[in-house]
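The values are calculated or read from the model by the stated rules, or taken from the named source; none is laboratory data. Note that the structure is predicted; figures quoted are calculated from it, not measured. Cβ coordinates were reconstructed from backbone atoms using ideal geometry, including for glycine residues, and neighbour counts include every protein chain displayed. For the accessible areas, the whole protein counts, side chains as well, though only heavy atoms, and no ligand, DNA or RNA atoms are used. Shrake-Rupley method; radii C 1.70, N 1.55, O 1.52, S 1.80 Å.
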Amino acid sequence: MSFRSRYLDYAELTAQLTIWAKAHPEIARLSSLGRSAEGRELWLLTVGANPDDGRPAVWVDGNMHASELCGSSAALAIAEDALKLHLGENPQGLPDPVVEAIRGALFYVMPRISPDGAEGVLKTGRYIRSSPVDARQDLHRPHWKSQDLDSDGMVRLMRVVCESGELVESPAHPGLLIPRRIEHSGPFYKVYPEGTISHYDGSTIPSPNFLADNSYDFNRNFPWGWKPEPEQVGAGAYPGSAPETRAIIEFACAHPNIFAWMNFHTFGGVFIRPAGHHADHKMDQADLAVFRQIEKWNTELTGYPTVSGFHEFLYEPDKPLYGDLTDFAYNQRGAIAYVCELWDIFKQLGIERKKPFVDHYTHFDVEHYEALARWDRNSNQGRIFQPWKRFDHPQLGPVEIGGTDIRVGISNPPYELIDEVVTAQSRAFLRVASLLPRVRLDVRRLDDDTIEVLVKNQGYLATHGLASAKALPVSEPLRLSVACEGGLSLLAPDTSVIEIGHLEGWGQGLHNGGSVFLPWTRGNVSEKRLRLAFKGKGTARLTLASCRVGVSTRSVTLG
């Protein structure tokens, strides 16, 4: 059942999470954020000592898109390593200060956002973008409906001989379809999903939809920057209209302590950071410095480059993607949020880095298709390219069923490489988890009726997280509350609640601070010191609280 060597179905995923929660109830809590459209639980594993106590947290998710199964594996790898760290192990060999910081964080891990879609992909091989729900409102026009026509248990592709076909069979690799060139003599092919045409009029063959026969792209259904159809394909009726995305939105809004957000996708071997809607020079430069630091770690530990969503990952120039999860997490929730496209198949094929990176997906030439066929045969046990088999289609007549199975080798790494891929990702993200703000409350008794209070942030990030997050409502400033018990009372009653404000962290990102010419540092921006005077005898209970960093308490007896 190891998620490091195969892709788990819903029952196996549930079993793995349940095993962890039952084995380590003191540091692992399994809960459901709700149910999917088909009624499956949307599992969330919380990892950390005293998981009900509020404190800085990181979020990890995967498998938002149904065929991107390795995202679940990477999320589970991080959960497993976080569990081991809290149990006193150090599987990644992290430095002691990093381990100490991580143990102060909570981990919210949602390994599979699309359990319905993933189940369909795993069990039938059919293409599903996010959810198999079909909520389109124009279903009376001709459109494709995926079906297992030849009763082999799988939903594959169909190829049809056509004089105007855009594809031709490779002479070097029988069965492999490549883009047609002017020198080719045929036969030529059209390729469609295995299935039938609903509302077929006897002549019109509709073009297959990017979303297949389902209507949602979950990564277009989040509220920040959301745009409706047709401006944004897959957007849904309104932000959070899918139960899966709505559950995430509601949890995130109820947990402002999330300071970092990892959104796993496949494929490509690249990290995509903000901003998605404007150029880097318009971005908060202190935020950008933090992302530069994370980029350095990610490159060193995974080999993947990091690119700006706006500069290198727009499918059409100057046309941002609307309603995606990391935009919501970064712009609306104030978190360090970014995407990882797992599995660098391009490197396997010897393709050099393209700029912009998105060109890897669209600038795929004949020699690249043939390199993929060779790699599949030699290094992937032939899992991608399946033989074509003749079939009499009830509407189209003679067709052939088979072709490309993208699940293992294209969308996801081969089973033999899962562990290598997810281990590197966990090693990199645990570094990010160590950036949390770490607030400490120290109380020192000066005499019978006076105390000194020192509030310190010993973490990398400020108590508001990223610099841009400071302006958001989620970034509640620190407040110190003083409650007196027994015969004790404050000499100045108006000091029972004191606003501390925000405290800076020691980290400033990469290339955002000192200079070799002026190697000065900042003043004591990470701490605040104050004195409180009392009268009488009793106990003073001090509570330092913020929804962003949690609660700390201290008590002192006076008089």
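Structure summary
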| quantity | calculated |
| --- | --- |
| Inter-probe distance in nm under a simple model that places probes 7 Å from Cα toward Cβ, at Ala483 and His277 | 4.2 nm |
| Mean accessible surface per residue for the chain, computed with a 1.4 Å probe while every protein chain stays in place, in Å² | 43 Å² |
| Ranking by accessible area, most exposed first, for Met154, Met262 with a 1.4 Å probe | Met154, Met262 |
| Qualifying trypsin sites (Lys or Arg not before Pro) in region 144-240, DSSP loop, other Cβ atoms within 10 Å at most 13 | Arg181 |
| Exposure of Val408 as accessible area (Å², to 10), given a probe of 1.4 Å and all protein chains | 20 Å² |
| Solvent-accessible ranking of Phe251, Phe264, largest area first, probe 1.4 Å | Phe251, Phe264 |
| Label-point separation in nm, Val516 to Glu163, each point 7 Å along Cα→Cβ | 7.1 nm |
| Distance histogram for the chain (every C-alpha pair counted, 10 angstrom bins, percent rounded to whole numbers) | 3, 16, 25, 24, 15, 9, 5, 2, 1, 0 |
| Rg/Rh for region 312-432, where both radii come from Cα atoms and Rh is the Kirkwood radius | 1.06 |
| Acute angle (nearest 10 degrees) that the helix 366-379 long axis makes with the longest principal axis of the chain, alpha-carbon atoms | 80 degrees |
| Helix-derived mean residue ellipticity, 222 nm - over the chain, DSSP H n ≥ 4, -39500 (n - 2.57), to 500 | -6500 deg cm²/dmol |
| Solvent accessible area, Å² - Tyr7, 1.4 Å probe, full protein context | 20 Å² |
| Principal-axis tilt of helix 418-433 within the chain, Cα atoms, nearest 10 degrees | 30 degrees |
| Area projected by the alpha carbon convex hull of region 270-343, averaged over all directions, nm² | 4.9 nm² |
| Charge dipole of the chain about the Cα centre (unit charges at C-beta), most positive-ward option of Pro51, Ile345, Gly125 | Pro51 |
| Potential lengthening between Ser496 and Glu100 on full extension [0.36 nm per residue; Cα-Cα distance subtracted] | 139.3 nm |
| Alpha-carbon centroids, region 489-552 and region 378-450: separation in whole Å | 40 Å |
| Sites Ser185 and His255, calculated FRET efficiency, Cβ-Cβ separation with R0 56 Å, nearest 0.05 | 0.35 |
| Whole-percent carbon and sulfur share, accessible surface of the chain, 1.4 Å | 51 percent |
| Net length gained if the chain between Ser2 and Ala237 were fully extended (0.36 nm per residue, minus Cα distance) | 80.8 nm |
| R0 of 25 Å, Cβ-Cβ distance Asp138-Tyr361: FRET efficiency to nearest 0.05 | 0.35 |
| Two-site label geometry, Asp419 and Glu452: point separation in nm, points 7 Å out along Cα→Cβ | 5.4 nm |
